[in-house]
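Heads up: the structure comes next, in structure tokens.
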Amino acid sequence: TDRKKLHTAPVGQVFRLRPFHVLVATGGGYAGYRKYEDYKLQQLEKRGLEVPVKLASEWEVALYKSVPTRLLSRAWGRLNQVELPTWLRKPVYSLYIWTFGVNMKEAAVEDLHHYRNLSEFFRRKLKPQARPVCCVHSVISPSDGKILNFGQVKNCEVEQVKGVTYSLESFLGPRISTEEMHFSQAPPGNSFQKQLVTKEGNELYHCVIYLAPGDYHCFHSPTDWTVSHRRHFPGSLMSVNPGVARWIKELFCHNERVVLTGDWKHGFFSLTAVGATNVGSIRIYFDQDLHTNSPSYSKGSYNDFSFISNNNKEGIPMRKGEHLGEFNLGSTIVLIFEAPKDFRFNLKAGQKIRFGEALGSL
């Protein structure tokens, strides 16, 4: 008859699975399961109950890493650059504001139609009076966020959250030459931690600040200091929310990060911007050579850049509260610095903090 013939492919050919598809489906499903577990932990925290520490096994970490978070983050970054039609901007941004509790009254520009794309909205500036910088205390918060942990560094281990630690040397990388950093001339047998302390009687301290998606995404200088060196670690882009930080040991050592090291009036000082899912882009305003979340990298690799040898041997002077850099969505800032033994933090674990508020002082 006049009916057309319909040609069909074999079922096996249509539904042929490839290893990549299996990894994405399995890893994505497991990531969803972890999100549900994180939600349950958050409910326990709200009730004031103690959250038990349950670390991920090696296979769970490997399964999580199988999710192509770097590729997804690059795709998300390109999507953020797409200019939205004027009529669509307010509905899209309003949904984000409602979901993450963004306070647009603090924004330098409150009109949502002003932001051409999601990237501009994420990186919105604040009104000058919205974040007064504390002049009394020596160290201020470099960003908005939640205090995950703080205190004195002990036994070359740093706590990312209570009860879960990571190696100080793995996080910062090998010791930088004494020509670029004023490390103490300690014997080689001394611990990495002791080599960072340049003045007798000082101790090493740390503070971890988590930036949620609804927080202000720029970060600033936490004190008056000079940046001497930048070390960039390419790596994974796993989520760094408190639930995952409580689950994966040395999470910050797995993830991509940018370590800025230098000196302040009491000796060694460092600020590290840690990348996360959908936050492959870390920008340092004075470092035009830095490029994060590149398509390929060698596992365990890092690259160094000296602001002393490339900047007339002076480094980059930063004033307390000065703009330093920005994330694309939200992530984590880790401060590691030396100070006299009478240094005290004015913080509580889990508290919300805003840029410019005091972290601690002598």
Next on the checklist: part of a helix (DSSP H, G or I), of a type in the set (A, V, I, L, M, F, W, C) and either open to solvent by less than 30 Å² (accessible area, probe 1.4 Å) or at pLDDT 80 or above (or both): which single residue out of Ala25, Ala62 fits that description?
Outcome noted: Ala62
Checklist entry - When you scan the stretch 80-177 for helices (runs of 4 or more DSSP H) that lie fully inside it, which ones turn up with 3 or more residues that are surrounded by fewer than 14 Cβ atoms within 10 Å (Cβ to Cβ)? => result 86-100
Item to check | Checking Phe150 against (1) of a type in the set (Phe, Trp, Tyr); (2) modelled with pLDDT under 90; (3) in the same structural domain as Arg319 (by the TED database), the condition it does not meet | outcome: (2)
Next on the checklist: Could you check the stretch 206-221 and list, in sequence order, the residues that are part of a strand (DSSP E or B) and either among the polar types (S, T, N, Q) or open to solvent by 10 Å² or more (accessible area, probe 1.4 Å) (or both)?
Outcome noted: Tyr210
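The values are calculated or read from the model by the stated rules, or taken from the named source; none is laboratory data. Everything quoted here is computed from the prediction, not taken from an experiment. Cβ atoms come from the backbone with ideal geometry, glycine included; neighbour counts cover every protein chain shown. Accessible surface areas use protein heavy atoms only, side chains included; no ligands, DNA or RNA. Shrake-Rupley method; radii C 1.70, N 1.55, O 1.52, S 1.80 Å.
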